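Throughout, read-outs are computed from the coordinates displayed, never taken from laboratory work. This is a predicted model, so every value here is computed, not measured. Reconstructed Cβ throughout: ideal geometry from the backbone, glycine too, with neighbour counts over all protein chains shown.
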Amino acid sequence: MRTFQFSDAKSHKFWNVAVRGDSVTVTFGKIGAAGKSRTKSCASSDAAQAHANKLIREKTGKGYVETTPTSKVTSDAEAFEKALRADPHDLAGWCAYADYLVEQGDPRGEFTQTQIALEDEARPKKERDALRAKEAAVLKEHEAEWVGDWPALFPAPTSTEGRGQINHTGGRKYEFKRGVLSTVHFGELTVAAARAFVRAPQTRFVRELFIGYHAHREEFDRGSDIPPEVTTGYDQPADHVLLRWPYMRQIRRFQYGWTADEAYGSFCHFQCHLSGARVFDFVKQMPNVEEVLVFAHLRDATKLVALPMPNLRVLQLYHGRSYPLDRLAQNPSGTKLTHLLCHPHALDHDRAYIRLPELRAICRSEHLTSLTHLRLRLTDFGDAGIREIVSSGILTRLKVLDLRHGSVTGAGAKTLANCPEVKNLEKLDLSRNGLTGVGKAALLATRVPVELDHQHAEIGDQDAYGDRPRYLYEGDYE
């Protein structure tokens, strides 16, 4: 029997075919389900094999990828690679793999050993400089072979797409870690680059994927990897192509959109033009993901936060219009989540995107027991939210509490300051709330590192934006 799988933005399916004598049986369905079977009788065994081959050509032409286990004995190299893709944090495994490659005369072995040695920052500068020189020399000789041709098909990520964004890539299209291509930065993703990347065997170790923006003016050839309803670059066609990458399940860190610059003056300057319509389709193919950072217009995050993500530690949701944190709180796989970081889009509803029921769900979740960093901005729960935080007991484990852009008053500040557990915090951000001098003084007296700048007086209904406070507009407004 030969097995195949297909993944795109809309579905994840399997298709198997088996030839038994003069009959051909195909089994198909959604991945994870039993599926359905159909059998066809042919004139002879040769005719059955020919029919199966025809079906296989049709399926692979539509984007199905063969997953049939090889019948040959797995080589040592294949065994190492399979184990390291399953657990990229296994330092001992990487060291053993490097030794194996050196024994085989493979230059990747020395390169891996060199990069592992450079992870020890305590080494003397002279020794590290020598290792850096060795690393550069090996890369100069072998980099093109170890990367493939896909980087030539998109521009270097030297600038961001909008205002108030940080370029964390250093202008690099990719990075090597522990001797393998591990990190990819698509600052401006193109269809051509996505197609080449999906085909490239060199990408099999990639575990960190960044997509900053899309080439909206790109001219592209339509293929079976792009749905017919996608007609222009503004529909982000490259996402549909990239969703067919066969190694998506090994991604540990996924960032969609450029990082927001948290340092701003009198008014938040965030800007984003990126649709998050395909974010769920990416993440649902990443069962082992540890960090999901979304800086995009996500209109409905309900399915995203309900995904099984048992290794997720960091969830950052910026610029969205959907914050179903009550659904996240009910997710039984959220036990390792330590960082929940939310800054919604500027208000274009009649109320804040994050309100008291969502805060209460997070604070009292029986699953989010590892949470240490909580950032909830552009909220309207104010002093009631502070009382919930205190009474829920979440302060016993929080290290950072960020409620920037809120409606907390001096009364809420004093409630927080009077809670003994507030001293567990390593940082408290109540800037851009409605604190008075007395409230500020109460918090400063706790000696907790605290941010209290740019307080406002917009707790009531006295704002130029009708009856909605101006501070709720301090997010991306594109």
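One decimal place: the segment His142-Thr25 gains 37.6 nm when fully extended, by the rule 0.36 nm per residue minus the C-alpha distance.
Remark: relative contact order (the range 76-141) = 21 percent; criterion is Cα-Cα distance under 8 angstrom and separation of 6 or more residues. Taking each DSSP H run with n ≥ 4 as -39500 (n - 2.57) and averaging over every residue of the chain yields -8500 deg cm²/dmol at 222 nm. The relative contact order of the range 213-315, computed from alpha carbon pairs under 8 Å that lie at least 6 residues apart in sequence, is 26 percent. Label points 7 Å out from Cα along the Cβ direction at Ser41 and Ser370: separation in nm? Rounded to a tenth, the inter-label distance reads 5.7 nm. Taking label points 7 Å from Cα along the Cα-to-Cβ direction, Ala34 and Val65 give a separation of 2.9 nm.
Considering only DSSP beta bridges where both residues belong to the chain, give the percentage that are antiparallel (nearest 5). Once the DSSP bridges in the chain are tallied, antiparallel ones form about 45 percent. Listed options for Cα extents along the principal axes in Å are (i) 88, 60, 44; (ii) 84, 56, 50; (iii) 67, 59, 40. The value calculated from this structure is the one marked (i).
For Ala384 and His168, what is the calculated FRET efficiency with R₀ set at 25 Å and r taken between the beta-carbons, to the nearest 0.05? Present the calculation step by step, with values, prior to reporting the outcome.
Details: r = 36 Å, r/R0 = 1.45.
Efficiency for this residue pair is about 0.10.
Placing a label point 7 Å from the Cα of Arg397 along the Cα-to-Cβ line, the residues of the range 318-343 whose backbone N sits under 16 Å from it are 328-341.
Between the listed residues Ala83, Ala136, Leu416, the Cα displaced farthest toward the positive end of the dipole of the chain, a dipole computed from Cβ unit charges relative to the Cα centre, is found at Ala83. As a length-normalised measure over Cα pairs under 8 Å and 6 or more apart, the relative contact order of the range 321-433 settles at 25 percent. Relative to the longest principal axis of the chain, what angle (0 to 90°, nearest 10) does the C-alpha long axis of helix 91-103 take? Compared with the principal axis, the helix lies near 30 degrees.
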